[in-house]
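Working notes, structure below.
The values are calculated or read from the model by the stated rules, or taken from the named source; none is laboratory data. These numbers were taken from a predicted model, which means no experiment stands behind them. Here the Cβ positions follow ideal geometry from the backbone for every residue, glycine too, while neighbour counts run over all protein chains shown. Accessible surface areas use protein heavy atoms only, side chains included; no ligands, DNA or RNA. Shrake-Rupley method; radii C 1.70, N 1.55, O 1.52, S 1.80 Å.
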Amino acid sequence: FEWTREQFRSWAEGAADKYGYTVAIRGIGLSMRNPIAGFDPYGGCTQMAVFTRNAVDSTTHSDVVTGSPPRLYASTEYPVFTQPQLSSIALQKLVRKFALDICNTQHIFQLDDLWDILEIKQQFKRCRALEKWLDTQATYSASQTNELYTVNT
C-alpha cells in the first residue's frame, strides 16, 4: 500500500498514543543532495516508524488491553560477518575457488553469480567493488559489458 508521509505520520502517532508508545519517524535511503529544478527534496525513498513503549501508568491509556506479555511468533537469524578482511593472496584464492565452482566448461562465469556468494559479499561489500577488483586481476578477463568473466588458466 502507499501512504503519503503525512498519512503515515498520522497513523503512527495515533497508534502510539492509543497503545502507550512514543514514535520516531525516520527516512530510509538516501535523499537527493542537490535536487534539480522541478524536484523537491523529499528525503529517503521510504520511511519507518520506531515505537518505544512508555512506562506503564494506570491513569493513562486505560483502553490498552493488558494481560499476558507479547509472544514471539518468529525469529530470524541473519549471517553476520565477524572475520577480518582477507589478505590479498587469501582473497585471490577465495575468489578463484568460487569462480571455478560456478563457471561453465569454457571457464566463463557471470558476475551476478559470483556476487550471490555470501563470502564474496562479505569481503567486497558492494558488487561494483568486486567488479573493479576483477578488472585489475590478470586471472580474469571481462566481456564487453562486464557481465561475464573468463577465468584465465
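The criterion of being in a helix (DSSP H, G or I), open to solvent by less than 80 Å² (accessible area, probe 1.4 Å), of a type in the set (A, V, I, L, M) and modelled with pLDDT of 90 or more holds for Ala15. Would it be correct to say that His61 is surrounded by 10 or more Cβ atoms within 10 Å (Cβ to Cβ) and either within 30 Å of Tyr19 (Cβ to Cβ) or modelled with pLDDT under 90 (or both)? Considered against the rule, which asks whether it is surrounded by 10 or more Cβ atoms within 10 Å (Cβ to Cβ) and either within 30 Å of Tyr19 (Cβ to Cβ) or modelled with pLDDT under 90 (or both), His61 comes out as yes. Exactly one residue among Thr66, Thr82, Thr46, Thr52 is among the β-branched types (Val, Ile, Thr), open to solvent by 70 Å² or more (accessible area, probe 1.4 Å) and at pLDDT 75 or above, and that residue is Thr52. Pairs are defined by a Cβ separation below 9 Å, a sequence spacing of at least 6 or placement on different chains, a first member in the range 15-37 that is farther than 17 Å from Met48 by Cβ, and a second member that is modelled with pLDDT of 65 or more and open to solvent by less than 100 Å² (accessible area, probe 1.4 Å); the pairs so defined are Asp17/Val23; Tyr19/Phe51; Gly20/Asn54; Gly20/Ala55; Met32/Gly43. Selection over the range 116-149 of residues that are among the β-branched types (Val, Ile, Thr), in contact with a helix residue (DSSP H, G or I) (Cβ under 6 Å, 6 or more places away or on another chain) and open to solvent by 30 Å² or more (accessible area, probe 1.4 Å) gives a count of 0.
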